[in-house]
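Quick notes on the structure that follows.
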Amino acid sequence: MGASRGYASHVGRARRAREYRRLLQSELDGAFASGEIYLVYQPKLCLRRSVYDGVEALIRWEHPNLGEVDRTSVITLAEDTGQIHALTLRILAKVIADQRTLMKRGIDLCFNVNISGKSLGSDAFIDEACALVGTSSGVIGFEITETAFIENPKAALANFARLAAAGIRLSIDDYGSGHSSLAYLKELPADELKIDKLFVSGMTSSNRDPLIVRSTIDLAHALGMRVVAEGVESQATLALLRVMGCDIAQGFFISPAIRICALETFLGDAAHLSRLTATEMSLTPAKGFWLRSERENARAAVADGTSP
Ligand code: G
Ligand code: MN
């Protein structure tokens, strides 16, 4: 009896999930046009020059009946239905228009767009994307995860090189969380490596995360890439990233993703920027602790008599 009720509720859930997908799929195109789907921008802070040097565009879908639709499900759905290329091109066109609006007001920022692995594999998508970027007034960046190279590495690599040749700034997104491979780092002409928030958000409460972040910063620098830490949620993490020589920080501590109208106000908030870039940020334990390996710290603790 219990088993059959369990089965029935499973079937019910699966049916509801299918209906939900069908509903969203049929509404996806119209939702962008009507403004239910809109873009928000998350600022990136340059730690060397103490300025904002770019923003990442993210989509939001506020459905009138379903509420906020999870961003990842929208992307997965669009990938499954083949709508992803058209959706990304619409996002890109809107980003270029928003960038031009800010440019007219004297704000020159690099605007980043997330590109699905499916789109990286499509020559037709790359043609259209390059043509659109050719109409932009500033620097456009594409963020691409390493998983984009798994299905058809040859086509993805060739298209990645085409994007680089078109002057698009390329970032390897969510580094370390998926199928990270040093072989890709060796091959890809990327400008930027974005360390996944998985390693960054717990950096000052874990022993290993700061070591992984520090080594990744060194690795990326050795390969000539700038490093962005994603998921910076505290002052201590920001201070530690600066000590480690990280180039750029992004995360809720700096700002969540905000609408274009709020972005201009945010960028003009000098008091917030000076709090974020204050050189005297506190770091506990002291900086040396975070720059040493676990073994060196254990040895130092024995020498100081502070070892348990
Ligand atoms: O895959 P990608 O790294 O592009 O995704 C960015 C996502 O990370 C967005 O959904 C955004 O809301 C989320 N995000 C941005 N900053 C932070 C942060 O400081 N902490 C956490 N947990 N999530 C964040
Ligand atoms: Mn991204």
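The values are calculated or read from the model by the stated rules, or taken from the named source; none is laboratory data. It should be emphasised that the depicted structure is a prediction, and the values quoted were computed from it without experimental measurement. With ideal geometry, Cβ positions are generated from the backbone for all residues, glycine too; neighbour counts draw on all protein chains shown.
Do we have any residue at all in region 226-239 that's without any contact (Cβ under 8 Å) to a residue 24 or more places away in the chain and away from ligand 2 (no atom under 16 Å from the Cβ)? Checked against the condition, which is being without any contact (Cβ under 8 Å) to a residue 24 or more places away in the chain and away from ligand 2 (no atom under 16 Å from the Cβ), region 226-239 yields no hits at all.
Scanning region 287-308 for residues that are assigned to a loop (DSSP other than H, G, I, E, B) and modelled with pLDDT of 75 or more yields a total of 3.
Against the criterion of being within 16 Å of ligand 2 (Cβ to nearest atom) and either of a type in the set (G, A, S) or in a loop (DSSP other than H, G, I, E, B) (or both), A161 does not qualify.
Scanning region 178-217 for residues that are basic (K, R), out of contact with any strand residue (DSSP E or B) (no Cβ under 7 Å at 6 or more places or on another chain) and more than 17 Å from I150 (Cβ to Cβ) turns up K197, R208, R214. Of the residues making up region 234-259, those that are touching a helix residue (DSSP H, G or I) at 6+ places or on another chain (Cβ under 8 Å), in a loop (DSSP other than H, G, I, E, B) and within 16 Å of ligand 1 (Cβ to nearest atom) are C246, G251, F253, I254, S255.
Going by what's in this entry, would F253 be described as out of contact with any strand residue (DSSP E or B) (no Cβ under 9 Å at 6 or more places or on another chain), aromatic (F, W, Y) and modelled with pLDDT of 95 or more? Spell out how you get there, then give the answer.
Details: out of contact with any strand residue (DSSP E or B) (no Cβ under 9 Å at 6 or more places or on another chain): yes; aromatic (F, W, Y): yes; modelled with pLDDT of 95 or more: yes.
Judged against the criteria, F253 is a match.
Within region 164-194, the residues that satisfy the criterion of being part of a loop (DSSP other than H, G, I, E, B) and farther than 27 Å from P210 by Cβ are A166, G167, I168, P189. Within this structure, R21 fails the test of being within 22 Å of E230 (Cα to Cα) and among the basic types (K, R).
Against the criterion of being within 16 Å of ligand 1 (Cβ to nearest atom), under 29 Å from I248 (Cα atoms) and in contact with a Cys (Cβ under 6 Å, 6 or more places away or on another chain), G117 does not qualify.
For region 133-150, the set of residues classified as closer than 15 Å to I115 by Cα and either surrounded by 17 or more Cβ atoms within 10 Å (Cβ to Cβ) or not hydrophobic (A, V, I, L, M, F, W, C) (or both) consists of V133, I140, G141, F142, E143, I144, T145, E146, T147, A148, F149, listed by residue number. When every residue of region 141-150 is checked against the conditions, none turns out to be under 18 Å from G224 (Cα atoms), touching a strand residue (DSSP E or B) at 6+ places or on another chain (Cβ under 6 Å) and assigned to a loop (DSSP other than H, G, I, E, B). All of L47, L58 fail the test of being within 13 Å of ligand 2 (Cβ to nearest atom) and in contact (Cβ under 8 Å) with a residue 40 or more places away in the chain, apart from L58. Of the listed requirements (1) surrounded by 20 or more Cβ atoms within 10 Å (Cβ to Cβ); (2) more than 26 Å from S26 (Cβ to Cβ); (3) over 15 Å from the mean Cα position of the chain (by Cα), A165 misses just one: (1).
Restricting A124, A156, A97 to residues that are touching a Leu at 6+ places or on another chain (Cβ under 6 Å) and in a helix (DSSP H, G or I) narrows the list to A156. Residues in region 77-91 that are farther than 14 Å from Y38 by Cβ and in contact with an Asp or Glu (Cβ under 9 Å, 6 or more places away or on another chain): Q83, H85, A86, L89. Taking first residues from region 251-274 that are in contact (Cβ under 8 Å) with a residue 60 or more places away in the chain and among the basic types (K, R) and partners that are within 16 Å of ligand 2 (Cβ to nearest atom) and not in a helix (DSSP H, G or I), the Cβ contacts under 9 Å between residues at least 6 apart in sequence or on separate chains come to R259/L39; R259/V40; R259/Y41; R259/R60.
R60 - would you say it is part of a helix (DSSP H, G or I) and charged (D, E, K, R)?
no
Taken over region 243-255, residues that are closer than 18 Å to R48 by Cβ, buried (at least 20 other Cβ atoms within 10 Å of the Cβ) and of a type outside the set (A, V, I, L, M, F, W, C) amount to 3.
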